[in-house]
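S.K.: Below are the structure tokens for one structure; questions will follow.
The values are calculated or read from the model by the stated rules, or taken from the named source; none is laboratory data. All values derive from a computational prediction rather than experimental measurement. Cβ sites come from the backbone with ideal geometry, for glycine too, and all protein chains shown count toward neighbours. Calculation scope for accessible area: heavy atoms of the full protein, side chains included, ligands and nucleic acids excluded. Shrake-Rupley method; radii C 1.70, N 1.55, O 1.52, S 1.80 Å.
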Amino acid sequence: MGLKILGIETSCDETAIGVVEDGVQLRSNIIASQVALHSQHGGVVPEVASRQHIRDMVPALEASLSESGLGLEDLDLISVTYGPGLAGSLITGLNTAKALAFSVGIPLVGVNHLEGHIYASWLVPGRPSPAEDPGFPLACLVASGGHTDLILMEGHGVYKLVGRTRDDAAGEAFDKAARILGLGFPGGPEIQRVSEAALGEGVPALPRAWMGDSLDFSFSGVKTALLHLAQERDVYPQESSRLEPLEFRRLVAEMAASFQSSVVDVIVVKLLKMAKQYGAKALLLGGGVTANAMLRREINARSPLPVIMPPPILCTDNGAMIACCAYYQYQRGEEFGMDLDIDPSLPLG
Ligand code: KG4
Ligand code: ZN
């Protein structure tokens, strides 16, 4: 029997618990989402999130163990996200993990949430077979609600941060754009959905912030440009718009598509540039924004290098990626004591 690791993830608004065997085999992946709770506020409310994690924790744990066919006594290791993320949310996951590790008498491994997103690609079936494994270095994009990072992965556990957003994260920009267009939360999937209905006529292309030669990003300009365009076209504010519903929906679809193209274009160009600059063997994607269908399509179409990406369900926050990452940390001898604390701004690389 292989090494069975439980992974707990509560850095934002999902109480997510997975079980992974030997770092590759997904035995369970339970995600208790708080989307319905937060959507009425148009974004995650930290205080609401931390209280909901407490309610969802035990049911998620029971469901995850049940799906994996294992009992607590069958586990070999407990892993947990200890940062970066919302303090009040992280603490529930960490305290649960400590209690479990202590009571079962097994080791505890603390995981960096961003490193977890990278390791989602090591879970079967995200990874190419060993024969096709491109090796290191990998040019990694971690794009989520809180981060847009370009990370050079030189080996297991060896990272160099080479590009990051100077203002909004890509996911945050999607969420704000959706709010401007009167769409639901989270904004990324909504922008993607309505963009599919766009005819691609009549809406000017939105600006792209290239930031000179830098590998850094900036998404606040495109968001402001979208706001101005929405005001000009009487789409924003929605309450006072005099557009016919059909015309309103047509304009929203076109502006959403234009916004999505702008964000995707900049991300793809910078990721490819980074890969070339650092001699990467392949590209690797992780984080909620990399579930975006257009981003995945464009990267596959434009990359001369192999592209490794998890299925969309493993791009957004989950516990399995944390367990997978912990497997590699444990192999290198990393173990954490009961004095492990949360670190809401934990860096990577
Ligand atoms: O990684 P994640 O689940 O949580 C964080 O660590 O933040 O990422 C959540 C973010 C949200 O901003 C959401 O709008 C975005 O990922 N997202 C998407 C898509 N699915 C989720 N953005 C664009 N297209 C999508 N299909
Ligand atoms: Zn995340």
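S.K.: I need the full set of residues from segment 1-25 which are in contact (Cβ under 8 Å) with a residue 40 or more places away in the chain and either farther than 12 Å from TYR327 by Cβ or within 16 Å of ligand 1 (Cβ to nearest atom) (or both), in order please.
M.R.: GLY7, ILE8, GLU9, THR10, SER11, CYS12, ASP13, GLU14, THR15, ALA16, ILE17, GLY18
S.K.: Is segment 96-114 home to any residue that is open to solvent by 10 Å² or more (accessible area, probe 1.4 Å), away from ligand 1 (no atom under 16 Å from the Cβ) and within 23 Å of the chain's Cα centre (by Cα)?
M.R.: Checked against the condition, which is being open to solvent by 10 Å² or more (accessible area, probe 1.4 Å), away from ligand 1 (no atom under 16 Å from the Cβ) and within 23 Å of the chain's Cα centre (by Cα), segment 96-114 yields at least one hit.
S.K.: Return yes or no: is ARG27 of a type in the set (Lys, Arg), in contact with a strand residue (DSSP E or B) (Cβ under 7 Å, 6 or more places away or on another chain) and open to solvent by 10 Å² or more (accessible area, probe 1.4 Å)?
M.R.: It is true that ARG27 is of a type in the set (Lys, Arg), in contact with a strand residue (DSSP E or B) (Cβ under 7 Å, 6 or more places away or on another chain) and open to solvent by 10 Å² or more (accessible area, probe 1.4 Å).
S.K.: Only one of these conditions is not met by GLU47: (1) in a helix (DSSP H, G or I); (2) away from ligand 2 (no atom under 16 Å from the Cβ); (3) open to solvent by less than 10 Å² (accessible area, probe 1.4 Å). Which number is it?
M.R.: Condition (3) is where GLU47 drops out.
S.K.: May I ask you to say which residue of GLY2, GLY42 is in a loop (DSSP other than H, G, I, E, B), within 30 Å of ARG179 (Cβ to Cβ), open to solvent by less than 20 Å² (accessible area, probe 1.4 Å) and not basic (Lys, Arg)?
M.R.: Of GLY2, GLY42, the one residue that is in a loop (DSSP other than H, G, I, E, B), within 30 Å of ARG179 (Cβ to Cβ), open to solvent by less than 20 Å² (accessible area, probe 1.4 Å) and not basic (Lys, Arg) is GLY42.
S.K.: Return a yes/no flag: does segment 190-206 have any residue that is assigned to a loop (DSSP other than H, G, I, E, B), within 12 Å of ligand 1 (Cβ to nearest atom) and open to solvent by less than 40 Å² (accessible area, probe 1.4 Å).
M.R.: no
S.K.: Then there's this: Run SER66 past the list (1) in contact (Cβ under 8 Å) with a residue 40 or more places away in the chain; (2) under 26 Å from TYR330 (Cα atoms); (3) open to solvent by 20 Å² or more (accessible area, probe 1.4 Å) and report the number of the one that doesn't hold.
M.R.: It fails just one condition, (1).
One line per residue, one yes/no per condition, for (1) touching a Pro at 6+ places or on another chain (Cβ under 6 Å); (2) within 24 Å of SER218 (Cβ to Cβ); (3) in a strand (DSSP E or B); (4) in contact (Cβ under 8 Å) with a residue 40 or more places away in the chain:
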| position | (1), (2), (3), (4) |
| --- | --- |
| LYS273 | no, yes, no, yes |
| LEU283 | no, yes, yes, yes |
| THR290 | no, yes, no, yes |
| MET294 | no, yes, no, yes |
| ALA301 | no, no, no, no |
| CYS325 | no, no, no, yes |
| MET338 | no, no, no, yes |
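S.K.: I'd like to check which helices (runs of 4 or more DSSP H) are fully inside segment 75-182 and have at least 2 residues that are among the polar types (S, T, N, Q), within 30 Å of ILE54 (Cβ to Cβ) and modelled with pLDDT of 95 or more.
M.R.: Correct list: 87-104.
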